[in-house]
Amino acid sequence: MEAPQFFAVRPGKPILACPNVKLPAWPFRVVSSFKVILGRMKKSKTAAPRSRTAPLAGANTPLAPPRIAVAIMAAGKGTRLKSQLPKVLHEVGGKPLLAHVIAAATRVVPAGDVYAIIGHEADRVRSALARTGVSFVLQADQRGTGHALMVAQKSLAAYDHVIVLSGDAPMILPETIGRLRNFHLEEQAAMTLLSADLADPAGYGRVVRKSAGSSEVQAIVEEKAASATQKKIREINSGFYVFAVKPLFANIGKLSTANPHGEYYLTDMAEILRRSKHRVVAWKTPTPGEVLGGNTRSELAAIDARIRHAKCEQLMADGVTIFYPDTCVIDSDVAVAPDTVIEPFVQLLGNTRIGTACRIRSYSVIRDSVIGDGVIVRPGCVIEEARVASSAVIGPYSHLRPGSDIGEGAHVGNFVETKKIRLGKGSKANHLTYLGDAEIGSGVNIGAGTITCNYDGVRKHTTTIDDGAFIGSDSTLVAPVRVGKGAYVAAASCITENVPEDSLAVGRARQVIKEGWVREKRASRKAK
Ligand code: UD1
Ligand code: CA
């Protein structure tokens, strides 16, 4: 399917052109440019100020598109999680809840127009997400979702509309946000909320429509304040909204804390705006799974499972074979090229990239690593912050620690641990070995049980092994030390001095034979 393109909020600059976005199976096509939307607009008192004053036809001045911001409410503590960690930093799909929401937001408007409202453990949240380039607004006391918008008033005043997202609902797709925004602009509403029909609406605010079938909303009723009849309403408020900025801030002072939580509820704006004769509408998403919030550990687990399931589906659609996908844990940002096979119980985490035609066998955990093409990772490997070049063979049970750079066609075998090393093209370290802080050339053979002694108790030192060298089994290489090109190290040697090119180093005691020693010993024991 063709990926959608949202059109520019600023003329001529597409800010959401997402060729890599995989669309869900539901049918839609967002093709409305703002000109099309604005051209279709009815006249209304809640229209964006600019579109109301701009000439619609016959003038030379083109329509100025509305200025749109995104505000993400992310200041809450997340009491129901019973955690030291602020709610929005809890992870699903391998990254914080808020990181998912920011990623969706920045596909709809530029990061400079995204404001994350933070409060509980604000510094921690800010530093975890600083790299996203969004702005942060501090809500020092968290007095409710309505209060979150009050503190953001200054930042949002320069915009015509604000899309409000919940930092704890990470599955929202940029396409859905775009559709909600378009619906809001087409409806010329003061407030548009995203609603969803849920089989189990418990815990959510319920949407009370003006009348059945109307797009207009009477009120949003929070679970605690809902009557028995209202609790039966399955249409819930998702916590995603679009507001026209002027009517929002002209009326936000009317919010009160007269409710069971003693908080300013943003949801009360529906009734407040309606009473002041503004248009309040709801757009019901056809994909309700997107709106689920992570308020409890159980909800987090359910969201995590959905995100990972969707990730596996997407990879399979892109040509990756995944056997038993429900057992695989693959983070949202992982990339895998086609024709790679992922066996059951594999974890691919963080920013891992895997090439084409690889086989990742069971129980391997790969984090933040780059794996080339045609690589075999045998069962039980742990690979972290490492690079593995094409056609290499790793494992079973290898541990590649940060800074390991494994060359093309190289082999790292059973119970081999590597850290901060380069292992050249075609080199082999197949059994029971520790290679740390080492520069190893190509065509090198590292015998079983070889150890680089890299640490003197204070500092780390480098071992250099040049091309074609052969290290006999059970050798210890006491760094800093160099084994020259083509040199041999005899088995069980302790190498403390550099070995020149093409020479043999023997660093062990010569073998001694004591003939008849055992026989004599036995005889003396019998005599006692
Ligand atoms: C809210 C809605 C509810 C809706 C549900 C959808 C209200 C009053 N209720 O309930 O109708 O069905 O979301 O998930 O809005 N936050 C702040 N500052 C605060 C309080 C909260 O930034 O002072 C943030 C939270 O961090 C969270 C979001 O706002 O990311 C929603 O708050 P939460 O307490 O989770 O609201 P719900 O009870 O889920
Ligand atoms: Ca919530």
> How many residues does region 247-267 contain that are more than 16 Å from ligand 2 (Cβ to nearest atom) and buried (at least 17 other Cβ atoms within 10 Å of the Cβ)?
Replying inline: 6
> Taking region 467-486 only, how many residues are closer than 13 Å to ALA505 by Cβ and not basic (Lys, Arg)?
Replying inline: 12
> Is it the case that some residue within region 256-267 is part of a helix (DSSP H, G or I) and in contact with a His (Cβ under 6 Å, 6 or more places away or on another chain)?
Replying inline: no
> Inside region 499-526, can you point out the residues that are closer than 19 Å to GLY447 by Cβ and not charged (D, E, K, R)?
Replying inline: VAL499, SER503, LEU504, ALA505, VAL506, GLY507, ALA509, GLN511
> In region 285-299, which residues are within 16 Å of ligand 2 (Cβ to nearest atom) and either touching a Lys or Arg at 6+ places or on another chain (Cβ under 9 Å) or outside any helix (DSSP H, G or I) (or both)?
Replying inline: GLY289, LEU292, GLY293, GLY294, ASN295, THR296, ARG297, GLU299
>> I'm checking my understanding of the structure. Among residues of region 231-246 that are of a type in the set (Gly, Ala, Ser) and within 16 Å of ligand 2 (Cβ to nearest atom), which one is surrounded by the most Cβ atoms within 10 Å (Cβ to Cβ)?
In response: SER238
>> Restricting to region 194-219, name every residue that is over 17 Å from ASN295 (Cα atoms), in a loop (DSSP other than H, G, I, E, B) and in contact with a Lys or Arg (Cβ under 9 Å, 6 or more places away or on another chain).
In response: ALA199, LYS210, SER215
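Rundown of residues vs (1) over 27 Å from the mean Cα position of the chain (by Cα); (2) part of a strand (DSSP E or B); (3) touching a residue at least 40 places away in the same chain (Cβ under 8 Å), yes/no style:
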{"residue": "PHE136", "(1), (2), (3)": "no, yes, no"}
{"residue": "GLN142", "(1), (2), (3)": "no, no, yes"}
{"residue": "GLY146", "(1), (2), (3)": "yes, no, yes"}
{"residue": "SER155", "(1), (2), (3)": "yes, no, yes"}
{"residue": "TYR159", "(1), (2), (3)": "yes, no, yes"}
> Picking from ALA75, ALA69, which residue would you name as being within 16 Å of ligand 2 (Cβ to nearest atom), touching a Leu at 6+ places or on another chain (Cβ under 9 Å) and touching a residue at least 60 places away in the same chain (Cβ under 8 Å)?
Replying inline: ALA75
>> Out of everything in region 130-150 that is closer than 20 Å to ASP113 by Cβ and among the hydrophobic types (A, V, I, L, M, F, W, C), what residue ends up being farthest from ligand 2 (Cβ to nearest atom)?
In response: ALA130
> When residues of region 214-242 are filtered for being in contact (Cβ under 8 Å) with a residue 60 or more places away in the chain, within 13 Å of ligand 1 (Cβ to nearest atom) and under 32 Å from the mean Cα position of the chain (by Cα), how many remain?
Replying inline: 4
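Quick note: the coordinates plus some simple rules give every number you see, no bench work behind them. All figures in this text were calculated on a predicted structure; none of them were measured in a lab. Quick reminder, even Gly has a Cβ in these numbers, built from the backbone with ideal geometry, and neighbours come from all protein chains shown.
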